[in-house]
Amino acid sequence: MERRFFDATWKRTVYCGEVGSRHEGTEVCLNGWLRRRRDLGGIIFIELWDHTGIVQIVFNPEEQEAIHDLAGELRNEYVLAVRGVVRARPAGTENPSIGTGFHEVAVSDFLLLSPSRALPFDMNDVDKVDENLRLRYRYLDLRRPRLQHNLRVRHRIALFTRNFLSREGFLEVETPMLTKSTPEGARDYLVPSRVNPGMFYALPQSPQIFKQILMVGGCDRYYQIVKCFRDEDLRADRQPEFTQIDIEMSFITEEDIQSLMEQFMQGLFRDILGEELPLPFPRMTWREAMESYGSDKPDLRVSAKLVDLHDVFADSGMEAFRTLLTEKGSVRGLSFAGGAALSRKEFAELEARAKALGAAGLAVFQVKEGTLKGPLVKFLDEEAQKRLRATAQIGEGDALLVVADKDWRKACGILGTLRLELARERNLVEEGWRFLWVTEFPLLERDEEENRWVAVHHPFTSPNMEDLGLLESDPGNVRSRAYDMVLNGNEVGGGSIRIHDPEVQQKLFGALAFTPQDAEERFGFLLDALRSGTPPHGGIAFGLDRLAMLLCGGRSIRDVMAFPKTQKAQCLMSGAPGLVEDRQLAELHVTRALPSKE
RNA sequence: GGGGUUGUAGCUCAGUACGGUUAGAGCGCCGGCCUGUCACGUCGGAGGUCGCGAGUUCAAGUCUCGUCAGCCCCGCCA
């Protein structure tokens, strides 16, 4: 037979998953992958797949003998163009478990477009396959309905974002990928400059400074869906390159951006999931989040809260706690409904976990048969016991876990971790989408290694103007104008009102222990810009990958990225990163200095 | 940098607590039979450096040490 090629006559007239009653009796052309074949000796069925679904094709030797004979050679994942007439399946042979299951295509002719080798894993059973292999053969993994769905959801998120922000007057502006390294923050990915020997670009950790300068440049409202790069260790929700929805606005305060971003989320969830989010989202200060939930990104689906046991133990007979409290230490509790049933062994296991998190110990109170039990009860008089039960709101059958530490953040953090672990183990995480804003983060925190103050958010975040006076006297207690959007215990976005006053900016660089020359050298262009007529401005950035992950119900952002990297930041498909030739390095004025193997 | 976990046929796994014939199963692959299946059925066949390297032992998939890789977590991620 003459060799035939794919041409206009073989282009599909309908997607596989869309074959239905309206095509009955008409000839259609389908393009897709052979997902499964059932050769009954005479009649042959194949399932043809594309991203819309699956349809059954019938090769009947009585109807098309020559075509049927050729079909015997077909194998899984061959790419075919198939022509045939759509008809209702004979009564009793319908398959309601697939969308097209009441119809089939009686093939009249087909063209093999591309055969496939025997594949390294079974396409029909790919959910269980080792991620190693899935990443190496990502093009096969991508043919799974799950990943197809995720990529399409991700596209719809990006599309909704562009439509929403464009409608609200935002301008999408591209900022450079080859930019300048700044020493603050995450480790940079560096790119050597061939024409500037010894000099390096950095890939952006975020377009932060550029978007602020766009505000100085009169752009008023900017956004960008943009790749960002951070050379830090990976996690299920962290990749070295990831995508931000980056947003900045002029002449606004916190309330403006927060309420607009709530509307954005409301629209997005309506569009993607058909969910109606109630507005406004609750606001919570960072301090309250830490004290009540032991986290700066509280998961409100878990109802348990932490309590401050200062008043219970301040005058108690418990010497160690009393001393701790007089020295500004902290005793915190986590009420644990049903915890009275906890066995000695289970508690020991809990205590071990608390210690692994850095706790000196873990104490427990249990309410059994109306009385408070536990090793510390003997230190508490009747009054203090009453206060404990009232403060912690524990009743019959409940328990209270107690951690003491000289640092309240540590005590709360440990209980916050236990709170989540216990809730997950005991299925106490409620369904739903629980958003909130966390506000008033501290501006600065102490870096003990470098022995200096560093920015919690970034060095362009505006301090709360009321706290400006504390910048030199008590830097740790300066509140910032930063805010995070938190969803179900995930930080999905974070931003701030920026510093638009060059003097405040310089003051902050001072607090971060930059010399004036340092500041000028590194950020002089920003300071110059700020001195050139700068509107008050602020913004936010959302992690597109994390949002997509949550909206797809996934556990890892790898499942919403087409080509993710492994925990060692490698691409198993392409083999990146790889070695380069000496000639390339020489051009870039770079030499290798490999670590010696001990 | 640290802790945990996994690694046996192309894929998913069993076998390892207590070392002992020729390392098994299902799926996939190859071949035969089979005309309404849909995880088609059925008969047969090929397919193994038990991640890699040392060590203990008469004997190692199994025990010891090291190492590599995937995943989860801590540190880190303004």
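Bear in mind these aren't lab numbers, they're just calculated from the coordinates by the rules spelled out. Keep in mind it's a predicted model, so treat the numbers as computed, not measured. Note: ideal-geometry Cβ built from the backbone for every residue, glycine included; neighbour counts use all protein chains shown.
Descriptive notes on the structure:
- Net charge of Cβ neighbours under 15 Å - reference residue A:120; Lys, Arg +1; Asp, Glu -1: +2
- Per-selection Rg to Rh, chain A - Cα, Kirkwood hydrodynamic radius: 1.06
- DSSP bridge analysis restricted to the range A:170-309 gives an antiparallel fraction near 90%, rounded to the nearest 5.
- Restricting the GluC sites (Glu not before Pro) of the range A:265-318 to loop positions (DSSP other than H, G, I, E, B) with no more than 11 neighbouring Cβ atoms within 10 Å leaves A:276.
- Per-residue ³J(HN,Hα) for the range A:66-73, Karplus 6.51 cos²θ - 1.76 cosθ + 1.60, θ = phi - 60°, Hz, x for Gly and Pro: 5, 5, 4, 4, 5, 5, x, 7
- Spin-label model, residue A:155 to residue A:456: label points 7 Å out along the Cα-to-beta-carbon direction sit 4.1 nm apart.
- Between residue A:43 and residue A:555, the FRET efficiency estimated from the beta carbon spacing at R0 = 41 angstrom works out to 0.45.
- Euclidean distance between Cα centres, the range A:1-34 to the range A:314-331, Å: 78 Å
- Put simply, the amide H of residue A:444, placed in the peptide plane, has neighbours under 5 Å in A:456, A:478, leaving out anything fewer than 5 places away on its chain.
- Relative protection proxy for A:525-537, A:486-498, from highest mean packing down: A:486-498, A:525-537 (other beta-carbon atoms within 10 angstrom).
- Cβ-Cβ FRET estimate between residue A:102 and residue A:70, R0 fixed at 22 Å, reported to 0.05: 0.20
- Nearest-ten-degree value, helix A:502-511 long axis tilted from longest Cα axis of chain A: 70 degrees
- Cα centroid separation, the range A:117-154 to the range A:361-413 (Å): 50 Å
- Zone residues, the range A:1-40, relative to residue A:85, backbone N less than 15 Å from point 7 Å out along Cα-to-Cβ: A:23-29
- Remark: spin-label model distance residue A:448-residue A:283 equals 3.4 nm, labels positioned 7 Å along the Cα→Cβ axis.
- Paramagnetic label zone (point 7 Å from Cα along Cα-to-C-beta, residue A:21; backbone N under 18 Å) in the range A:54-86: A:86
- Of the GluC sites (Glu not before Pro) found in the range A:433-471, those in coil by DSSP whose Cβ has at most 15 other Cβ atoms within 10 Å are A:448, A:449, A:450.
- Cα long-axis angle, helix A:344-356 against chain A (0 to 90 degrees, to the nearest 10): 80 degrees
- Whole-Hz Karplus values for the range A:119-135 come out as 7, x, 8, 7, 5, 8, 9, 7, 4, 8, 5, 3, 5, 3, 6, 4, 6 Hz, taken residue by residue from phi with 6.51 cos²θ - 1.76 cosθ + 1.60 and θ = phi - 60°; glycine and proline positions read x.
- Under a model in which nothing but the beta-carbon of Lys, Arg (+1) and Asp, Glu (-1) is charged, chain A shows a dipole of about 1100 debye around its Cα centre.
- Between the alpha-carbon centres of the range A:67-115 and the range A:251-265 there is a gap of 53 Å.
- Residue A:570 paired with residue A:128, simple spin-label distance in nm, labels 7 Å along Cα-to-beta-carbon: 2.7 nm
- When the square roots of the Cα gyration tensor eigenvalues are ordered a ≥ b ≥ c, the ratio a/c for the range A:503-598 is 1.5 or more and a/b does not exceed b/c, which makes its shape oblate.
- The slack between residue A:199 and residue A:491, meaning 0.36 nm per residue of separation minus the straight C-alpha distance, is 101.6 nm.
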